[in-house]
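The values are calculated or read from the model by the stated rules, or taken from the named source; none is laboratory data. This one's a predicted model, so the numbers in the text were calculated from it and none came from an experiment. Positions of Cβ are generated from backbone atoms using ideal geometry, with glycine treated the same way; all protein chains shown enter the neighbour counts.
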Amino acid sequence: MTDVTAIDHFTDQATALDPYAYYDALVRAAPVYIEPRYGCAIVSGFEEALAVWRDPDTFSSANIVAGPRSPFPADVEVSGDDITALVEEHRSAWPQSDQIVAWDPPLHTAHRALLMGLITPKRLQQNEEFIWRQTDRQLDVVLAEGTCEYIDEYAQPYTLLIIADLLGVPESDHQRLLSLVGMGGGGVVGSTELHDKSAHHSLAPLYDYFVAAIEDRRREPRSDVLTGMAQSTFPDGTVPEPIEVARIASNLFAAGQETTVRLLGTALQIIAEDPELQKALRADRALIPRFLEEVLRTQGPIKGAFRLVRRTTTLGGVELKAGTRVFLANGAANRDPRQFEDPMEFHLERPNVRRHVAFGHGVHTCPGAPLARSEVRISIERLFDRTTDIAISEAHHGPAGARHYDYMPTFMFRGLMTLHLEFTQ
């Protein structure tokens, strides 16, 4: 069994690229493990992870991407059993502090209501109609040659167009938004360098675009989603500032694009690697949703994120003092043998297949989860409709049994950098 004490989870390159032996050893040995190098608690147990998600009053999201070291400046003394005031005092200095994922209730609650007002069932249904059309348009491009690099040639442009349609962004602005945030350029948040400084306010380039759009729609309303966003209010009836709405839109645009790209890549890799599985899915399309849930459980795009203990507490029998950094490892929790039988195995018929926490839990459940599921499901269905076989390119990845894949070199995200596929039509 892997010796977890010999591995630095946050800097070891081999573990970043293939973390699952480490996860297996960790969750079996210590579902709440105090990493000795940083004093950071890694939470790998399923029930223990749920306890963290369910208690944002104790476990703050302020340091969500700040890394395993203390998020406070070196000259700040962290003491006592309740550091809530200290967290609020320094919140603005931490990476992504202006984004909803790093906020706690009640601020998070009010702004999430804005977001959920945008992602309504009606709007998602309208967007799904666009997804079917866009899937075929993008497949027209990649299937013409019989082979493609799936990440850049399909997943990136496809997910960009889907999320842009949901937001109501004109097609003429799509490429501009993509270039503003440098998507597809190889930047990695949570790299094995412990902290990627580019993550700080990384969505700021989008703010000007969406602020201008919101202000324009308030002056001249139109029949589009951006107008709906411009006219939205907080639950108490107050009108948000344009920048507040712009931040919500920017986060949805970036997060909804990048994580779905990686999920699409992983799903197609698994299908192309396993002919028998591919045959079963082609024969019974009703299995595709279950397949997707098992992909999310075994290799979800988000391995984990940080929390900060605001009040001294006990988790899984381990005392966590106020100020302790917590790495909430949902990639490990999804393989907890106390929750999932044969957790390292991929099983389509798993009875609790949707029990995973790949999209988080509680107030921080990913609001874009239904959209991501639709994008991947529809992509698979249309590929099956338009091909008779999907295979891994041996010229790029090597023969079966000796494959080589390049994964994102990060302890926070799971995803392929490239995926070369071959299609038989």
Considering only residues of region 355-382 that are of a type in the set (Gly, Ala, Ser) and in contact (Cβ under 8 Å) with a residue 12 or more places away in the chain, which is farthest from Leu292 (Cα to Cα)?
Gly362
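Yes/no per residue for (1) loosely packed, with under 13 Cβ neighbours inside 10 Å; (2) over 26 Å from the mean Cα position of the chain (by Cα):
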| site | (1), (2) |
| --- | --- |
| Phe210 | no, no |
| Arg217 | no, yes |
| Arg222 | yes, yes |
| Gln231 | no, yes |
| Thr238 | yes, yes |
| Glu244 | no, no |
Criterion first (farther than 30 Å from Leu383 by Cβ, of a type outside the set (A, V, I, L, M) and either in contact with a strand residue (DSSP E or B) (Cβ under 7 Å, 6 or more places away or on another chain) or at pLDDT below 90 (or both)) does Pro170 satisfy it?
no
Residues in region 345-354 that are touching a residue at least 40 places away in the same chain (Cβ under 8 Å) and either surrounded by fewer than 18 Cβ atoms within 10 Å (Cβ to Cβ) or of a type in the set (A, V, I, L, M, F, W, C) (or both): how many?
6
May I ask you to verify whether Leu226 is part of a helix (DSSP H, G or I), among the hydrophobic types (A, V, I, L, M, F, W, C), out of contact with any Asp or Glu (no Cβ under 6 Å at 6 or more places or on another chain) and modelled with pLDDT under 90?
yes
Conditions: (1) small (Gly, Ala, Ser); (2) closer than 25 Å to Pro19 by Cα; (3) surrounded by fewer than 18 Cβ atoms within 10 Å (Cβ to Cβ). Ala332 meets all but one. Number of the miss?
(3)
Got a sec? Which strands (runs of 3 or more DSSP E) wholly within region 300-390 have at least 1 residues that are among the basic types (Lys, Arg)?
305-309, 325-328
Within region 142-164, residues in a helix (DSSP H, G or I), touching a helix residue (DSSP H, G or I) at 6+ places or on another chain (Cβ under 7 Å) and of a type outside the set (Ser, Thr, Tyr) come out as Val142, Leu143, Ile151, Glu153, Ala155, Gln156, Pro157, Leu160, Leu161, Ile162, Ile163, Ala164
Can you name the residue in region 3-42 that is in contact with a Leu (Cβ under 8 Å, 6 or more places away or on another chain) and either among the hydroxyl-bearing types (Ser, Thr, Tyr) or surrounded by fewer than 19 Cβ atoms within 10 Å (Cβ to Cβ) (or both) and is also farthest from Ala333 (Cα to Cα) among such residues?
Thr11
When you scan region 254-270, do you find a residue that is polar (S, T, N, Q) and more than 30 Å from Ala62 (Cβ to Cβ), even just one?
yes
Out of Ala49, Ala66, I need the residue that is modelled with pLDDT under 95, crowded, with 20+ Cβ neighbours inside 10 Å, under 21 Å from the mean Cα position of the chain (by Cα) and of a type in the set (A, V, I, L, M, F, W, C). Which one?
Ala66
Inside region 307-323, the number of residues satisfying the requirement of being under 17 Å from Asp104 (Cα atoms) and either β-branched (Val, Ile, Thr) or surrounded by fewer than 16 Cβ atoms within 10 Å (Cβ to Cβ) (or both) is 1
Out of all the residues in region 83-98, is one or more over 23 Å from the mean Cα position of the chain (by Cα), surrounded by fewer than 19 Cβ atoms within 10 Å (Cβ to Cβ) and assigned to a loop (DSSP other than H, G, I, E, B)?
no
Looking only at residues in region 267-305 that are in contact (Cβ under 8 Å) with a residue 24 or more places away in the chain and among the small types (Gly, Ala, Ser), which one is farthest from Ala16 (Cα to Cα)?
Ala280
Taking region 141-181 as the search range and keeping residues that are of a type in the set (A, V, I, L, M, F, W, C) and surrounded by fewer than 16 Cβ atoms within 10 Å (Cβ to Cβ), which one is nearest to Gln126 (Cα to Cα)?
Val141
